[in-house]
Amino acid sequence: MANGRDIDNHILIAPGSKAPLKGRDPGDDTLFPNRETAEASTAGDAKAIDALQDRLWAERKRALLVVLQGIDTSGKDGTVRGVFNACGPLGVSVTSFGRPSEEELAHDYLWRVHAAAPKKGMIGVFNRSYYEDVLVVKVRKLAPADVVDRRYEQINAFERHLAENGVVLLKFMLHISKDEQRERLQERLDDPAKHWKFNPSDLEDRALWADYHEAYQTMLERCSTAHAPWRVVPADKKWRRNAIIASVVRRTLEDMAPAYPKPDWKPSDFTIA
Ligand code: ADP
């Protein structure tokens, strides 16, 4: 069975790593080789995450921000469903970052992000994130190269600001293979219940696979820091992806050790008529 430290030995990107995607297999089955065990582990972790979130909310001093990044079909939505399904809707805020609106574009790119950062006591999940501003924006040349280049340091500074203000950051790149993406896109074409998920522009992005790979590589090289390291999750199997992420989220919350506040009264002070 994989424990938290084993998992991190496998998926954590050390600050300053060069070409961190090299040699990383999206189908790597070292962690959670067995589906049944993985699913049982995820279910147990999801319950534990809910209980820990209750304490986090009662304490109301810190927040957890889980950033999910990955190309189309990499399983960001499925991760939210699979890992946080036991959490009460009051405790988790999920924000999906799509193409910026006119209003958002009129501000700096972190404006909408900061507004969505979780408040103390909450778990925030970003389904896509400000990293799009060094991924799709870079690959599709939506901003000049020098503007994008400055963003890595800006993002590191922003994350440090959050970290120094009570937000613990967990960043997961969901790493899938090109073959697995083909299968998932094909499913969206084959299954009428999934047609709504298919977007022809996903094929344009698929054609830019190598460019995205390069952009992800640079993002991992430049934005894995001590205060907000990246983890690259082998995500070709959905159940393994969920088990790995649930385990890391649970352990992070356990390490944060949120505590129920002590009231300044005793239960015996009161009688309920
Ligand atoms: P998803 O594909 O995640 O299910 P959408 O269909 O809403 O959700 O797609 C979101 C789209 O918004 C993606 O193509 C993504 O690349 C794009 N996007 C997100 N952030 C930005 C950004 N800052 N600039 C340009 N495009 C962005």
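Using the alpha carbons of the chain, what is the convex hull volume per residue in cubic angstrom, as a whole number?
Values: hull volume 47.6 nm³, N = 273.
Output value, Cα hull per residue: 174 Å³.
Longest exposed-loop-site-free stretch of the chain, with chymotrypsin sites (Phe, Trp or Tyr not before Pro), DSSP loop and at most 15 other Cβ within 10 Å?
Details: sites that count: 265, 270.
Counting only loop sites that pass the neighbour cut-off, the longest clear stretch is 1-264.
Would you mind checking the tilt of helix 209-223 against the longest principal axis of the Cα atoms of the chain, expressed as 0 to 90 degrees and rounded to 10?
For helix 209-223, the angle is close to 40 degrees.
How much of the DSSP beta bridge set in the chain is antiparallel, as a percent to the nearest 5? Could the numbers behind the result be given before it?
Numbers: 1 of 23 bridges.
Of all bridge pairs located within the chain, approximately 5 percent are antiparallel.
Placing unit charges on C-beta atoms (Lys and Arg positive, Asp and Glu negative, everything else neutral), compute the dipole magnitude of region 106-180 about its Cα centre in debye, rounded to 20. Write out the running numbers ahead of the final one.
Details: 12 positive and 10 negative charges, 37 e Å.
Dipole size: approximately 180 debye.
Specify which residue in the list 242, 26, 101 is farthest towards the positive end of the charge dipole of region 4-259, using unit charges on the beta carbon of Lys, Arg (+1) and Asp, Glu (-1), about the Cα centre.
Among 242, 26, 101, the one farthest towards the positive end of the dipole of region 4-259 is 242.
For the residue pair residue 140 and residue 25, what label-to-label distance in nm results when each label sits 7 Å from Cα along the Cα-to-beta-carbon direction?
With each label placed 7 Å out from Cα toward Cβ, I get 3.4 nm.
Take residue 40 and residue 99, extend 7 Å from each Cα along the Cα→Cβ direction, and tell me the distance between the two endpoints in nm.
4.7 nm
Relative to the compact globular guide of 2.2 N^0.38 Å, what is the alpha carbon radius of gyration of region 75-160, as a ratio? Walk me through the intermediate numbers first.
Numbers: Rg = 14.4 Å, N = 86, 2.2 N^0.38 = 12.0 Å.
Dividing the Cα Rg of region 75-160 by 2.2 N^0.38 Å gives 1.21.
What is the distance in Å between the Cα centres of region 36-59 and region 200-273?
13 Å
Values in this text are rule-based calculations from the coordinates and carry no lab data. What you see is a predicted model, and the numbers here were worked out from it, not measured in a lab. Counting neighbours? That spans all protein chains shown, and the Cβs are built from the backbone with ideal geometry, glycine included.
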